[in-house]
Amino acid sequence: MNLGLSLLYAAERNPEAEAVVDGQARLDYRSLQRAAAGLAAGLAALGVGRGDRVALVLKNRRQTVELYWACQWLGAVAVPLSWRAAAADVAYCVADSGAAVVAFEEVGLDHARACLEAADRFVAVGTADAGSSAALAARFCADGGAPPCELYESLLIAGEASGPPEGLDDREASIFLYTSGTTGRPKGVPRSHAAERAGGLSQALHQSYRPGERTLGVMPLYHTMGIHTLLATQVVGGCYVCQPDWSPAVALDLIAAERIGSLYLAPTLFHDLVHSPQAATAEVPSVRSLAYAGAAMTSALVERCVEVFAPEVFVNHYGSTEIYTYSVDFDQRAAPGCAGRPATNARLRLVRPEPGAGPDDEVEPGETGEIICHLSSDEAFCGYWNRPGADAETIRCGWYFTGDLGRLDEDGALWIVGRIDDMIISGGENVHPLEVEDVLERAPGVREVAVVGLADDRWGQAVTAFVVLEDGAAEAGEEAAAAGLDAYCLASAELARFKRPRRYQFSDSLPKSPSGKILRRLLREE
């Protein structure tokens, strides 16, 4: 089934059920389906047809959701792009994808201007907090040289709403998601209607969504977690509550006011939530399900999440943009950080983390290996967009090589120990950052920590901890703080002495990607 029909079925099944909330705006499924069909007609009037790409440089807003579904209804391909990225990177992605139209809001104005040579048509999307579409379009065209800019509202009335996309093959592309590009130019990941719907269904299943589930839409819609949160909500006829800008206080207010039942966030956002001043008095009884992805959660953070939310379900969802779900652990309280067992649509192996290793080069139980996933998964992509070199590097014999390191415990459960590139070799011994971070985050006065290996004449690589201290914890000075942390590590029964940090760096924050991942590469460069 293509996603346009999936929306139609939801609208016919529960037409009056609330589908989207964005501030004062509320749409039921009937209204969402009509808006999608109307916008599809408007895009068609601009010359957009099946298979054409539509770039979206937008925050998590009602209009973003409507445009996404309009692409699915029309058979066009949504290309959501990060408004946090550099304008040049957005222009690269627009050119690389061949997008015919760029829709943008105030925060994406400079990005849109950078795309003048890459795209022919532009759509200005006004918002309640930044001004009208007409004012934004005027600013876009003010310097001259820009093509006419369409108004979002005009698309809704540009033509007669089209019918459902019954003839659209669900193997066709639904969306291009671009990887974060932390190691070079972003890579386009075309994902089909079938793979996207399978990802939404599996998320709803794994995270115990109920019919009518209400969830917080704060993970960016240009990120795999964000877009599949939207899809998982739709397949159960639930409500997607938009939060365009991250604020722990606003999130807690929305959770209470909108009766949010499930939260699916990156660990850094959970960290912000449960350590915010408002967490101690927050009214969050509606929250039943917690899920996270993107990085392993420390046991200290798991415990704090349980204290604040007391969830019935606490899931670690391990996956990627390329294959949405690899594995799932359903009870983080029992085993914090555990990635669990292969997901419903996944088949996994651990192989030797060596160049040229194949699917049959499996490691022994308990040994660390590279995690690979079979591409027969219903949620899998079919290869990168115009990147044969990347395909050759990551796809071998029908398996996708993730670049992640993991091990199986005695019960057969998977534990992620880091990226191949993040492994620290210190004094000839392998040290994985996560095991050091898990100990340090429990130390008194530590708010956040990231561990990397830095070049060292004696050790080869010195285990180095970048630490953000709690307010007031740095008053004794960095030298005393470092000594205290070293003593804490030496006293820990969970960390071998040789794995403890040899250096400490203190800062006010850690560099993160738009999806909340700590960028160790930038720490190493610093």
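The values are calculated or read from the model by the stated rules, or taken from the named source; none is laboratory data. These numbers come from a predicted model, not from an experiment. Because the Cβ atoms are built from the backbone with ideal geometry, glycine has one as well, and the counts that use them run over all protein chains shown. Just so you know, the surface numbers come from the protein's heavy atoms only, side chains and all, with ligands and any DNA or RNA stripped out. Shrake-Rupley method; radii C 1.70, N 1.55, O 1.52, S 1.80 Å.
From the list S276, S299, which residue is under 26 Å from T402 (Cβ atoms) and out of contact with any strand residue (DSSP E or B) (no Cβ under 9 Å at 6 or more places or on another chain)?
After applying the criteria, what remains is S299.
Take the conditions (1) touching a residue at least 40 places away in the same chain (Cβ under 8 Å); (2) more than 34 Å from the chain's Cα centre (by Cα); V467 misses just one of them, which is (2). Of all the criteria given as (1) charged (D, E, K, R); (2) touching a residue at least 24 places away in the same chain (Cβ under 8 Å); (3) in contact with a strand residue (DSSP E or B) (Cβ under 7 Å, 6 or more places away or on another chain), the one not satisfied by R387 is (3). Within segment 86-114, the residues that satisfy the criterion of being within 22 Å of the chain's Cα centre (by Cα), at pLDDT below 95 and of a type in the set (G, A, S) are A86, A87, A88.
Taking the criterion of being open to solvent by less than 80 Å² (accessible area, probe 1.4 Å) and in contact (Cβ under 8 Å) with a residue 24 or more places away in the chain, the residues of segment 511-526 that qualify are K512, S513, P514, S515, G516, I518, L519, R520, L523.
Before we move on, is L151 of a type in the set (A, V, I, L, M), surrounded by fewer than 20 Cβ atoms within 10 Å (Cβ to Cβ) and in contact with a helix residue (DSSP H, G or I) (Cβ under 9 Å, 6 or more places away or on another chain)? So L151 passes the test. Taking the criterion of being at pLDDT below 90, touching a strand residue (DSSP E or B) at 6+ places or on another chain (Cβ under 7 Å) and either of a type in the set (F, W, Y) or open to solvent by less than 40 Å² (accessible area, probe 1.4 Å) (or both), the only residue of segment 463-510 that qualifies is F498.
For segment 185-195, state whether one or more residues are in contact with a Ser or Thr (Cβ under 8 Å, 6 or more places away or on another chain), under 24 Å from C93 (Cα atoms) and in a loop (DSSP other than H, G, I, E, B). Checked against the condition, which is being in contact with a Ser or Thr (Cβ under 8 Å, 6 or more places away or on another chain), under 24 Å from C93 (Cα atoms) and in a loop (DSSP other than H, G, I, E, B), segment 185-195 yields at least one hit. Could you pull out the residue among R113, R191, R121, R171 that is on the phi < 0 side of the Ramachandran plot, in contact (Cβ under 8 Å) with a residue 12 or more places away in the chain and touching a Leu at 6+ places or on another chain (Cβ under 6 Å)? On inspection, the qualifying residue turns out to be R121.
When each of R197, R191, R259 is tested for being within 30 Å of P165 (Cα to Cα) and open to solvent by 30 Å² or more (accessible area, probe 1.4 Å), the lone residue that passes is R197. Scanning segment 356-368 for residues that are in contact with a strand residue (DSSP E or B) (Cβ under 7 Å, 6 or more places away or on another chain), at negative phi and surrounded by fewer than 18 Cβ atoms within 10 Å (Cβ to Cβ) yields A357, G358, P359, D361, E362, P365, E367.
Residues satisfying the criterion are absent from segment 220-234 (criterion: more than 17 Å from the chain's Cα centre (by Cα), surrounded by fewer than 20 Cβ atoms within 10 Å (Cβ to Cβ) and modelled with pLDDT of 95 or more). Checking every residue in segment 342-365 against the condition of being closer than 15 Å to Q207 by Cβ and within 19 Å of the chain's Cα centre (by Cα) gives at least one match. Please count how many residues of segment 420-475 are basic (K, R) and under 16 Å from Q505 (Cα atoms). Final tally of qualifying residues: 1. Of all the numbered requirements in (1) over 25 Å from the mean Cα position of the chain (by Cα); (2) in contact (Cβ under 8 Å) with a residue 12 or more places away in the chain, E12 misses one, and that requirement is (2).
For segment 7-36, filtered to residues that are within 24 Å of A128 (Cβ to Cβ) and in a helix (DSSP H, G or I), the residue that is most open to solvent (accessible area, probe 1.4 Å) is R34.
Just need a number here: residues in segment 262-285 that are of a type in the set (D, E) and either open to solvent by less than 70 Å² (accessible area, probe 1.4 Å) or without any contact (Cβ under 8 Å) to a residue 12 or more places away in the chain (or both).
Qualifying residue count for the region: 1.
Restricting attention to segment 10-34, the residues being closer than 23 Å to E105 by Cα, of a type in the set (A, V, I, L, M) and touching a strand residue (DSSP E or B) at 6+ places or on another chain (Cβ under 7 Å) number 5.
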